[in-house]
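Structure record follows, encoded as structure tokens.
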Amino acid sequence: MRTVVHVMRHGEVHNPTGVLYGRLPDFHLSELGRDMAQTVADHLAVRDVTHVVASSLDRAQETATPIAAAHDLAIHTDDRVIEAGNYFEGRTFGVGDGSLRHPEHWPKLVNPFRPSWGEPYQEIAARMVAAVADARAAARGHEAVVVSHQLPVWTLRNRLEGRRLWHDPRKRQCALASLTTLSFLGDELESITYSEPAGALLAHAARKAGA
């Protein structure tokens, strides 16, 4: 019996001030983000999706909404797939006008392996693995979609592929509205694939911004 779990990163967020919004409320999808969510919903409409999960954060719920609607399903809220906790939440992060200008923040950067500025990678991995296991059980023999956030999705993939959990954030393969798809045969993980159904929208927006 094959079960598929699509672990999705939410769409683009409206964030004009450029803060690290983390787990803060009232950060909603931008117009592009809503288009991304609908594009992925259209992409998955022909799939045998029987279970949809999202974190409680607005951007995750809004990304999951068209996917659930396409299959006439409710959204199951599971904060085991929520964004990672981060000390710099609500602040801009950088050397110029960001938090790194202020020495009082520097001790939070001393240990990138844990990391010292936020939720430990081991804890993120454990909660994501557990949430995916429950989503797989709920959709056994069918498909599930789990809408989460970049760092949790990438940490999950590193754990499942047997890689170290600490990493260079610039090298994550987890674009906005991307799918990290886990295929299980029985209870055994058979394959991990990555796709960007809304990639053309993101590329078009980038070209437009650079024009």
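The values are calculated or read from the model by the stated rules, or taken from the named source; none is laboratory data. Predicted, not measured: the structure shown is a model, and the values here were computed from it. Because the Cβ atoms are built from the backbone with ideal geometry, glycine has one as well, and the counts that use them run over all protein chains shown. Ligands, DNA and RNA are excluded from the accessible area calculation, which covers all protein heavy atoms including side chains. Shrake-Rupley method; radii C 1.70, N 1.55, O 1.52, S 1.80 Å.
Residue by residue, here is whether (1) touching a Gly at 6+ places or on another chain (Cβ under 6 Å); (2) surrounded by fewer than 17 Cβ atoms within 10 Å (Cβ to Cβ); (3) of a type outside the set (F, W, Y) holds:
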site	(1), (2), (3)
D168	no, yes, yes
Q173	no, yes, yes
A177	yes, no, yes
A198	no, no, yes
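Of the residues examined, E12 is one that is surrounded by 22 or more Cβ atoms within 10 Å (Cβ to Cβ) and not polar (S, T, N, Q).
Looking at L189, L202, can you tell me which residue is outside any loop (DSSP other than H, G, I, E, B) and under 28 Å from A139 (Cα atoms)?
Values: L202 fails: under 28 Å from A139 (Cα atoms).
One residue alone meets the criteria, L189.
Pairing residues of segment 185-199 that are over 19 Å from M8 (Cβ atoms) with residues that are open to solvent by 90 Å² or more (accessible area, probe 1.4 Å) and of a type outside the set (D, E, K, R), at Cβ distances under 7 Å and at least 6 apart in sequence or on separate chains, gives G186/M1. Considered as a group, the residues in segment 59-105 that are at pLDDT 95 or above and of a type in the set (K, R) include one that is farthest from the chain's Cα centre (by Cα), and that residue is R80.
Mind listing just one residue for me: the one in segment 155-166 that is under 15 Å from P120 (Cα atoms) and open to solvent by 30 Å² or more (accessible area, probe 1.4 Å) and, of those, farthest from the chain's Cα centre (by Cα)? Reasoning before the result, please.
Pass one, segment 155-166, residues under 15 Å from P120 (Cα atoms): 155-156, 158-159, 164-166.
From the residues that got through so far, the ones that are open to solvent by 30 Å² or more (accessible area, probe 1.4 Å) too are 159, 164, 166.
On the way: R159: 15, R164: 19, W166: 17 Å.
Among those that are under 15 Å from P120 (Cα atoms) and open to solvent by 30 Å² or more (accessible area, probe 1.4 Å), it is R164.
Tell me yes or no: at least one residue of segment 187-194 is touching a helix residue (DSSP H, G or I) at 6+ places or on another chain (Cβ under 9 Å) and either within 19 Å of A68 (Cβ to Cβ) or open to solvent by less than 30 Å² (accessible area, probe 1.4 Å) (or both). Break it down into steps so the answer makes sense when it comes.
Step one: list which residues in segment 187-194 are touching a helix residue (DSSP H, G or I) at 6+ places or on another chain (Cβ under 9 Å), which gives 187, 189, 192, 194.
Filter once more, so that each one left must be either within 19 Å of A68 (Cβ to Cβ) or open to solvent by less than 30 Å² (accessible area, probe 1.4 Å) (or both): none.
So far as segment 187-194 goes, no, none of its residues is touching a helix residue (DSSP H, G or I) at 6+ places or on another chain (Cβ under 9 Å) and either within 19 Å of A68 (Cβ to Cβ) or open to solvent by less than 30 Å² (accessible area, probe 1.4 Å) (or both).
For segment 116-140, the tally of residues that are open to solvent by less than 30 Å² (accessible area, probe 1.4 Å), more than 13 Å from V7 (Cα to Cα) and modelled with pLDDT of 95 or more stands at 3.
Would it be correct to say that A54 is under 16 Å from A135 (Cβ atoms), open to solvent by 30 Å² or more (accessible area, probe 1.4 Å) and hydrophobic (A, V, I, L, M, F, W, C)? No; evaluated as a whole, the condition is false for this residue.
Close Cβ contacts (under 6 Å, 6 or more residues apart or on different chains) running from residues in segment 106-130 that are part of a helix (DSSP H, G or I) to residues that are surrounded by 15 or more Cβ atoms within 10 Å (Cβ to Cβ) and modelled with pLDDT under 80 comprise K108/Y87; K108/W117. Quick one: would you say R59 is among the basic types (K, R) and open to solvent by less than 50 Å² (accessible area, probe 1.4 Å)? So R59 passes the test.
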